[in-house]
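Colleague: Have a look at this one before I ask anything.
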Amino acid sequence: MKKTFKKLRIAANLLSALYLLFLSIVLLTPVPQSTDSTIIPTVISFLLDFDFYTHLLIFLIWGFLASYWPYPTIKTSLIAATLAALLELLQSTTSNRVCELTDLVANISGTLTGLCLGNFSIFTLKPTGNGLPSSRRSF
């Protein structure tokens, strides 16, 4: 059982790094300009209309994956929230992206919510002698 949890943690850490790379590319790539009436501009326009919720959801996933890092919760929270904020701030260095306060709040809120959900998921719990689960994470 311990080996299964260890493999799961390694996989989650790798997935966390790949997801952060994916977020970096998506958030720092210029938004394509609409030139015709294909499905792509429609999807982009739809997502931009729900910009706050989109940021909240994608960073909630990021926070959940980051919760499997082998660090104490406080340290993980600080690092993950800083990376989420940094991705938003770096958008101001691109040619046609903008750093927005609402997106910054959504990034950090989503990350911290995902961390909380990840810390209390079934994968971070271990059985105790009385049959009840207890957290393996150190706070």
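The values are calculated or read from the model by the stated rules, or taken from the named source; none is laboratory data. The structure presented is a predicted model; accordingly, all values stated were derived computationally and were not measured. Because the Cβ atoms are built from the backbone with ideal geometry, glycine has one as well, and the counts that use them run over all protein chains shown. For accessibility, only protein heavy atoms count, side chains too; no ligands or nucleic acids. Shrake-Rupley method; radii C 1.70, N 1.55, O 1.52, S 1.80 Å.
Colleague: Name the single residue, out of those in the range 23-33 being in a helix (DSSP H, G or I) and open to solvent by 60 Å² or more (accessible area, probe 1.4 Å), that is modelled with the lowest pLDDT.
Modeller: Among those that are in a helix (DSSP H, G or I) and open to solvent by 60 Å² or more (accessible area, probe 1.4 Å), it is V26.
Colleague: Let me ask another. Quick test of your reading of the structure: L78 fulfils all but one of (1) within 16 Å of L20 (Cα to Cα); (2) open to solvent by less than 70 Å² (accessible area, probe 1.4 Å); (3) not small (G, A, S). Name the failing condition by number.
Modeller: Of the numbered conditions (1) within 16 Å of L20 (Cα to Cα); (2) open to solvent by less than 70 Å² (accessible area, probe 1.4 Å); (3) not small (G, A, S), the odd one out for L78 is (2).
Colleague: Now for a separate question. Does the range 86-124 hold any residues that are open to solvent by 60 Å² or more (accessible area, probe 1.4 Å) and small (G, A, S), and which are they?
Modeller: Once the filter is applied, which keeps residues that are open to solvent by 60 Å² or more (accessible area, probe 1.4 Å) and small (G, A, S), the range 86-124 yields S92, S95.
Colleague: Taking the range 49-70 as the region of interest, how many residues are surrounded by 15 or more Cβ atoms within 10 Å (Cβ to Cβ) and either of a type in the set (S, T, N, Q) or free of Cβ contacts under 8 Å to residues at least 24 places away in the same chain (or both)?
Modeller: Final tally of qualifying residues: 2.
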